[in-house]
Amino acid sequence: MAKYCFYCGQELAPGEKCKCRTASGNASPKDSTRRDKRADSRKAGEKASTNHSKAAPEPGPRVRRNRKDRPLRPGFRFGTLADQLRTIFPTFTSGVMSSAGYIMRPATKIRQESLRAKRPFSLVTVAVFSLLTGLLGVLLVYANSFLFTGMMESIFGEKAVEYCRKYPAPAFGVLALVTLIFIMLLTLGFFATSRFGNRKPTFRKTLDLISVSLVYMLIPEFILLFMVLLGSSSSIAFLFIGLILMGLAQILAFRNALGLSEDSIFLMMISVYTVTYLVSKLLVLLLVSLIFPT
């Protein structure tokens with residue numbers, strides 16, 4: 001029976017081996033160079049077709065690029081301006097950013113200020129608040145604010161209103177002094193009641209916490225001062241808004257600083273404000289009797 005090669009199909013004699021595989025391995029150098037030239041030409045053709053496809057894209061609908069993928073053009077940026085201002089005026093910008101926290105992040109700012117070991121501008125805050133309250137009192141009397149003059153008459157008497165109109169400078173000093181005494185009594189009340197709750201803050205620490213709450217009384221007073229200077233005398237409601245904000249700020253400040261419960265801080269606020277009102281009323285009566293003797 002005849003045998004054939006499995007690879008090339010050549011007929012083989014009995015016992016003969018086909019040499020087709022060894023012949024393909026021992027190819028001549030000319031054949032190898034020809035194969036290299038063909039491979040090079042094939043690669044060159046593929047490269048040319050690739051370049052052509054990049055240079056001339058296929059016709060079709062245009063794809064709009066997303067704005068995020070587009071290169072950014074130089075223009076005005078608020079962040080860049082803010083960074084430049086921080087570099088030029090570092091102290092001023094840091095103060096502005098810190099003050100803006102009272103409005104933008106009030107609870108966080110009150111917590112941060114209450115946990116400070118020592119607040120640097122507490123005395124300045126108290127002094128500014130006292131002077132601004134005295135100035136507002138005189139201006140509101142001159143503006144004939146019906147609500148404020150009624151409050152003045154109920155607290156100090158009718159002679160106090162007339163005294164403010166005749167002697168504005170001494171009246172300004174008296175109102176500023178009364179405001180300062182009220183703040184000191186309020187601080188002393190919180191200082192004493194915190195001792196009953198097994199908390200022992202210093203008097204300066206208590207004054208720092210009070211000064212944090214006074215910021216929310218200063219903001220409405222500045223607004224009211226601006227309105228009075230413009231000729232409006234019916235914006236005294238800002239003072240009541242400031243009193244509410246001051247009370248809320250005191251609750252947050254003393255609760256964070258002393259670690260008291262909600263019930264304890266609520267009872268503390270009631271007792272302190274009640275005692276402060278009674279003592280202030282007594283001192284005002286004594287002051288009025290000294291200034292306006294009968």
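Since every read-out is calculated from the coordinates, none of them should be taken as a lab result. Predicted model only: the values in this text are computed from it and were never measured. Methodologically, a virtual Cβ is constructed for each residue, glycine included, from the backbone with ideal geometry; neighbour enumeration extends over all protein chains shown.
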In order over segment 190-203: 3J(HN,Hα) from phi, Karplus 6.51/-1.76/1.60, θ = phi - 60°, whole Hz, x for each Gly or Pro, gives 5, 5, 6, 5, 5, 5, 6, x, 6, 10, 10, x, 6, 5
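For the pair residue 99 and residue 123, what calculated FRET efficiency results from E = 1/(1 + (r/R0)^6), where r is the Cβ-Cβ distance and R0 = 22 Å, to the nearest 0.05?
0.80
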Lysine pairs, Cα distance under 19 Å, 8 or more residues apart or cross-chain: how many in segment 108-291?
5
Please list 3J(HN,Hα) in residue order for segment 137-146, calculated via the Karplus relation 6.51 cos²θ - 1.76 cosθ + 1.60 where θ = phi - 60°; whole Hz, with x for glycine and proline.
x, 5, 5, 5, 5, 5, 7, 6, 6, 4
Taking segment 202-255 as the region of interest, what is the percent of Cα-Cα pairs per 5 angstrom bin, listed from the shortest bin to the one with the maximum distance?
4, 22, 23, 18, 14, 10, 6, 3, 0
How large is the dipole of segment 108-291 about the Cα centre if only Lys and Arg carry +1 and Asp and Glu carry -1, each at its Cβ, rounded to the nearest 20 debye?
680 debye
For residue 3, enumerate residues with amide H under 5 Å from its amide H, sequence gap 5+ or separate chain, H modeled in the peptide plane.
12
Any chance you could get the radius of gyration and Dmax over the Cα atoms of segment 108-291, in Å?
17.0, 50
Among 228, 284, which comes first, then next, by fewest other beta-carbon atoms within 10 Å?
284, 228
